[in-house]
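The values are calculated or read from the model by the stated rules, or taken from the named source; none is laboratory data. Quantities reported herein were computed from a predicted structural model and do not represent experimental measurements. Note that each Cβ is placed from the backbone with ideal geometry, even for glycine, and that neighbours are counted across all protein chains shown.
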Amino acid sequence: MTDALLSGLLAGYGVAVPVGAISVLVVTLASRVSLGRGLAAALGVATADGLYALAAVLGGAAIAPVIAPAAGALETVAAGVLVLLAARGLWTTFRDHREADGAPPPSPDSPWRTYAALLGLTLLNPLTVVYFTALVVGGHAGPGPLAPGLAFALAAFAASASWQVLLATGGALLRRALTGPRARLLTGLAGHTVVLALALRLALAA
């Protein structure tokens, strides 16, 4: 259970830390509108990440009896998928740093609509569920009780929520400092490096 919680936290931070358009929107809402609006946006993003992690856990648990004999090979494949996702993320980080433009879209006019809008925007990213599924199948979908998988999903949600709330709070306190090109580059590199570390962990366990 402890391993599942730790892996979920790492996975949640790995997907949440890179500062892209969604994170910039969270910070900007907090800095330009209000902290409450920023927190609503943060929880919308975290809810989407948690739902994707839960979907990956439930799917992985359903196919566990089938994939158990090939667990070692699947862990290797999962590690490869994570490396590809991290490589793509790093490339996108450097590309966005070079371009360094684009204003965030206008905000909805209530906290609930902000929450729903950010939930929907984050759910539009299919790579998130691929990322969590690779982790679940690679390390948390073996035969056994579902509790560790649910702990993984809850920890992933908690990690994402804590980071997004930090961004919103930072946006309210520091205005738009966290949305600068250098900050986006550094947080992108940090987040995708976490993904590479998770891939290495899976590869060594295979």
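Here Gly60, Gly8, Gly36 are screened, and the one residue that is small (Gly, Ala, Ser), modelled with pLDDT under 75 and farther than 23 Å from Pro181 by Cα is Gly60. What residue, among those in segment 1-54 that are within 14 Å of Leu167 (Cβ to Cβ) and among the hydroxyl-bearing types (Ser, Thr, Tyr), is surrounded by the most Cβ atoms within 10 Å (Cβ to Cβ)? Only one residue tops the list, namely Ser23.
Looking at the structure I just gave you, is Ala168 under 13 Å from the mean Cα position of the chain (by Cα) and at pLDDT 75 or above?
When the stated conditions are applied, Ala168 does not pass them.
Restricting the search to helices (runs of 4 or more DSSP H) fully inside segment 64-141 and requiring at least 2 residues that are at pLDDT 75 or above gives 71-99, 111-123.
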